[in-house]
1. What ³J(HN,Hα) values, in whole Hz, does the Karplus curve 6.51 cos²θ - 1.76 cosθ + 1.60 give for the range 311-316 when θ = phi - 60°, with x put for Gly and Pro?
2. What spacing in nm lies between the two simple spin-label points modelled at L157 and F243, each 7 Å away from Cα in the Cβ direction?
3. Taking 0.36 nm per residue of separation and subtracting the Cα-Cα distance, what length does fully extending F230 through V366 add?
4. Setting aside same-chain residues fewer than 8 positions from K90, which lysines have a Cα under 29 Å from its Cα?
5. Expressed in whole Å with the largest first, what are the equivalent ellipsoid semi-axes of the range 61-334 derived from the C-alpha gyration tensor as the square root of 5 times each eigenvalue?
6. Which parts of the range 226-264 would a label at A285 reach, counting a residue when its backbone N lies under 12 Å from a point 7 Å out along Cα-to-Cβ?
7. Compute the distance from the alpha-carbon center of the range 152-178 to that of the range 79-105, in whole Å.
8. Quick check on the range 58-163: what are the equivalent-ellipsoid semi-axes from the Cα gyration tensor, as sqrt(5λ), descending, whole Å?
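Please treat every number below as a calculation from the coordinates, not as lab data. None of the values given here were measured: they were computed from a predicted structure. Neighbour counts run over all protein chains shown; Cβ positions are idealised from the backbone, glycine included.
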Amino acid sequence: MLPRHTILPAGRPSHKFGFGRRLAARQLAPLALGIALGWILSTLTAMHSSVPATGFDDRTASDSALSRSEDGRKQLVAFVGVQTGFTMDKRPKYNYEARRLALRATWVPGTRQELDRLEQEQGIVVRFVIGHSTDAAAEAAVAAEEAAHGDFLRLNLTESYDGLPTKTLMFLQAVMAQYNPQYIVKVDDDVYLRLDRLPHAVAQWQDIDADYIGCMKTGQIMKSPRYRWFEPQFTLLGGGSYFTHAWGSIYVLSGRVAADLGALRGGSLRHFANEDVTIGSWLLAFNATHYDDRRLCAVNCTAASIAVYDIPVCAGLCDAAVQLPQLHASPACHLPATSPTGGLPLLPPIFNFQQRSDPAWDVEAVRQLRAKRERTARGIKPSHIEYDTAQPH
């Protein structure tokens, strides 16, 4: 299997090798250099027709054999799985068919030819991800849509809200069985996505070896069934707030952790009530590198935005079928993919996973140490409340 930094967007060099190694290469003995040059010159003509392009821009269908892993899977920059469902209610909130229609008219390629071109030129595959329905009419409608567009990834499960964690896991397994992607994007069908910025973002995520990328949050644990987001297993979680995890509207996983998740024995992973919490819990156990990328939760199109939706009012666009075309018609949503200097701007994270201490706790620790010294100087015995139970004010 090729290392994760092998495939980069056209013209995007890998930065995995340091200056010291380049310097060492310059110091090769002249004889060794001559031998190497001789070998290159003698084989250049034979090799010319089989050397793959440095990026995806010049690839064609004839290059497919060169874009496969040793195990036969296609190598990709990213697989984008648009999570969707069956239309059982024509109200906008539940009309998934109308959302898909709007998506194909905006950022999702609308024809099979456009889907193939995106894969060949950019190394990106986009599919609507859906299981099956017990309703014959709903199943027939999606089957007809699939025959017309060829843009579905069907999973062997019956769609249900309670089954979303299982759907996500089966989605990851299905992708990894066919492809070797650098990253997998899980995005809901009520989110506007800048596909043209994805290769640039992938290169940035690779530079920091990020495995779990999204707009990170915590949030209150709902401990009563009277609330919509009730968590029946709240006792296991302890405290009143969830651990840090990504908003479920869109998040990104590296191919490495997706492969690790998919390789686990069926039924070995705990499922919580909410899909985003469940995925976050799994990633804690995998020692994955988290990255809080606020470009994935913009409320409008900007020079840096990758994903746009109505956070926090709605978990996606509040009326996606209407808002997707409106966003796509906005000049702001067609700003250049990169800045004039050729880079994709970054946004400051809210959660800094490299931080080794909390300033509020540092201040509290100093305050308590001073108080302890004062008590000792006055001969007062220490109380049973010490630093292990301290809380910053």
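1. 6, x, 4, 10, 6, x
2. 2.0 nm
3. Details: separation 136, 0.36 × 136 = 48.96 nm, distance 3.86 nm.
Computed gain between F230 and V366 is 45.1 nm.
4. Straight-distance partners of K90: K167, K186.
5. The answer is 26, 23, 21 Å, longest axis first.
6. Inside the label zone: 261-264.
7. Between the Cα centres of the range 152-178 and the range 79-105 lies a distance of 16 Å.
8. For the range 58-163, the ellipsoid semi-axes come out as 29, 16, 11 Å.
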